[in-house]
Every structure is written in C-alpha cells, then in structure tokens.
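For reference, the structure is listed below as structure tokens.
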C-alpha cells in the first residue's frame with residue numbers, strides 16, 4: 001500500500017470523484033456520504049420529482065456494505081491476515097459493478113428502473129466499504145469520504161496557528177487534514193467533467209487508482 005499521505009490523497013480524490021459521478025448521473029444520488037440523501041429525500045417528498053426510490057435504496061446498500069466489510073475484516077484478523085487489501089479489492093469490484101450497471105442503464109431517464117437502481121446501490125456499497133475501511137484499517141488517516149469534520153478541524157487549527165496559541169502537533173495535523181480536503185474537491189471537479197465526456201466509463205479512473213493501491 002502507499003504511504004499515509006498518498007493513501008489519504010488517493011482515497012479523498014476517489015470519494016469526491018465517485019460521489020460527483022453518482023450525483024450527476026443518477027439525479028442527485030450521494031454515494032460517498034449517504035446522510036446527504038436525507039435532505040434530498042425530504043425535498044423530493046415535499047416537492048415530488050425524480051429519484052426518491054434510488055436514494056432510499058442507497059441506505060440499505062451502504063449499511064450492508066459496511067457490515068460486510070466489518071465481517072470480512074474480523075474474519076481476516078482472526079487468521080492474522082491484513083484486511084486493507086481485501087477491503088480495497090472489494091471496493092474496486094463494487095465500483096466496477098457500478099460502472100457496468102450504469103453503462104447498461106444508459107441513457108438514464110428514470111431512476112426507478114431496475115438497472116439505475118442497481119447501479120446506485122453498487123455505488124453506495126462501494127463507498128460504504130471505503131467508509132468502513134477508514135474506521136477499520138485506516139484510522140490514522142483523516143476521513144476521506146465526508147469533508148465537513150475535516151474542514152472544521154482545519155479552520156480551528158488555522159485560527160490557533162494565527163493566534164500563536166497552537167498546541168504541539170497542530171501544524172502536522174493541519175497537513176493531515178488539508179490534503180484529503182483538496183483531493184476530494186479536485187476529484188469532485190474531475191468527476192463532473194469526466195462524466196460529461198465519458199459517461200459511466202469515467203469510473204475507470206477511480207477503479208485504476210484502487211488498482212494502483214493494490215499493486216503498490
């Protein structure tokens with residue numbers, strides 16, 4: 001696996017990229033942080049439009065993926081085998097399923113059709129695995145899928161540094177949180193443009209990134 005900083009950048013970029021592809025392609029579906037779908041579900045119920053069902057189904061897909069990741073990690077740890085590579089491979093396979101199902105569903109005109117629903121569930125499951133891995137095997141990294149807490153910590157550290165009242169280790173923590181935030185933002189921008197250019201084949205890039213992490 002890559003170094004800690006490189007891993008945080010790669011995973012942050014992947015999360016931003018995949019989340020944006022899902023949002024653009026599937027009528028506002030969040031795959032990386034499914035709690036964002038609560039707001040969208042409420043909005044759709046109050047002002048009916050497209051995509052309520054796919055956002056609802058993202059929750060069980062995400063939850064089942066987290067549970068599967070936990071069980072896989074426990075099984076491997078009981079046999080004294082590292083779980084990081086297995087979880088990365090599982091995420092890669094689910095992203096591949098997201099891409100293939102999305103491509104088969106193209107053009108996506110109704111998100112309550114079977115293939116778009118399955119594609120959205122595969123995407124949510126893939127990012128559920130990454131969310132779980134951040135707790136199970138990469139707990140030393142800053143979160144790579146949800147940036148709200150990261151930005152909050154960055155602002156706190158910047159204020160303390162500006163006041164010359166920062167505790168030891170503040171600067172190193174700032175760098176730890178900064179790179180995933182920048183990578184997530186860059187991934188989100190790239191994901192939007194890549195989907196416009198390549199459709200669901202845009203997911204080949206994050207798949208390749210995970211493959212490179214496995215090979216490293």
Checklist entry - Which residue, of 147, 127, is surrounded by 18 or more Cβ atoms within 10 Å (Cβ to Cβ), out of contact with any strand residue (DSSP E or B) (no Cβ under 6 Å at 6 or more places or on another chain) and at pLDDT below 95? => result 147
Next on the checklist: Return the residues of segment 4-63 that are at positive phi and either assigned to a helix (DSSP H, G or I) or free of Cβ contacts under 8 Å to residues at least 40 places away in the same chain (or both); say none if nothing qualifies.
Outcome noted: 28
Checklist entry - For segment 1-35, what are the residues that are closer than 16 Å to residue 55 by Cβ and at pLDDT below 90? => result 27, 28, 32, 33, 34, 35
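The values are calculated or read from the model by the stated rules, or taken from the named source; none is laboratory data. Note that this is a predicted model, so its numbers are computed, not measured. Here the Cβ is made from the backbone with ideal geometry for all residues, glycine too, and neighbour counts use every protein chain on show.
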